[in-house]
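The values are calculated or read from the model by the stated rules, or taken from the named source; none is laboratory data. The shown structure was predicted, so the numbers you read here are calculated from the model rather than taken from an experiment. Glycine gets a Cβ as well: all are built from the backbone with ideal geometry, and neighbour counts include every protein chain shown. Ligands, DNA and RNA are excluded from the accessible area calculation, which covers all protein heavy atoms including side chains. Shrake-Rupley method; radii C 1.70, N 1.55, O 1.52, S 1.80 Å.
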Amino acid sequence: MILGVVANGIKEEVANLKVDDQAPGMIALALSLARAVDSSAKNPAAKAVAARELRAVMKELRAMAPIGEEGDAVDDFARQREKRREEARKRRAG
């Protein structure tokens, strides 16, 4: 089955959320709504309703996602600080 732009994006995001075991029904609903958004080009009202519901479902799925161990702003700051410290050590060492 070929997915549209929205459905493909939602499929990728859901895979990254790692909530497959917690909410398989909500994931199926999100993909169904995403396909509805992709396929309702001739009916803007239906597209708007599907998009609104999709946002609500994705908000719930994102809230269920485990907190990542890496990749947030704090990790970025820590990496930048360590890089600056390493550069300072190299300058002092000569």
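Things worth noting here:
- Residue ID - nearest to Asp20 (Cα to Cα), chosen from residues in the range 67-86 that are at pLDDT 80 or above and open to solvent by 80 Å² or more (accessible area, probe 1.4 Å): Arg79
- Flag if Ala28 is open to solvent by less than 80 Å² (accessible area, probe 1.4 Å) and without any contact (Cβ under 8 Å) to a residue 24 or more places away in the chain: yes
- Within the range 37-47, the set of residues being open to solvent by less than 50 Å² (accessible area, probe 1.4 Å), farther than 11 Å from Ile10 by Cβ and either touching a Pro at 6+ places or on another chain (Cβ under 9 Å) or of a type in the set (A, V, I, L, M, F, W, C) (or both) comprises just one member, Ala46.
- Unmet criterion (only one of (1) in a loop (DSSP other than H, G, I, E, B); (2) loosely packed, with under 10 Cβ neighbours inside 10 Å) for Ala63: (1)
- Qualifying residue in the range 61-75 (condition: touching a residue at least 12 places away in the same chain (Cβ under 8 Å) and under 25 Å from Ile2 (Cβ atoms)): yes
- Per the conditions (1) free of Cβ contacts under 8 Å to residues at least 12 places away in the same chain; (2) not in a loop (DSSP other than H, G, I, E, B), the sole criterion not satisfied by Ile2 is (2).
- Residue count for the range 13-25 under the criterion of being loosely packed, with under 11 Cβ neighbours inside 10 Å and among the charged types (D, E, K, R): the result is 2.
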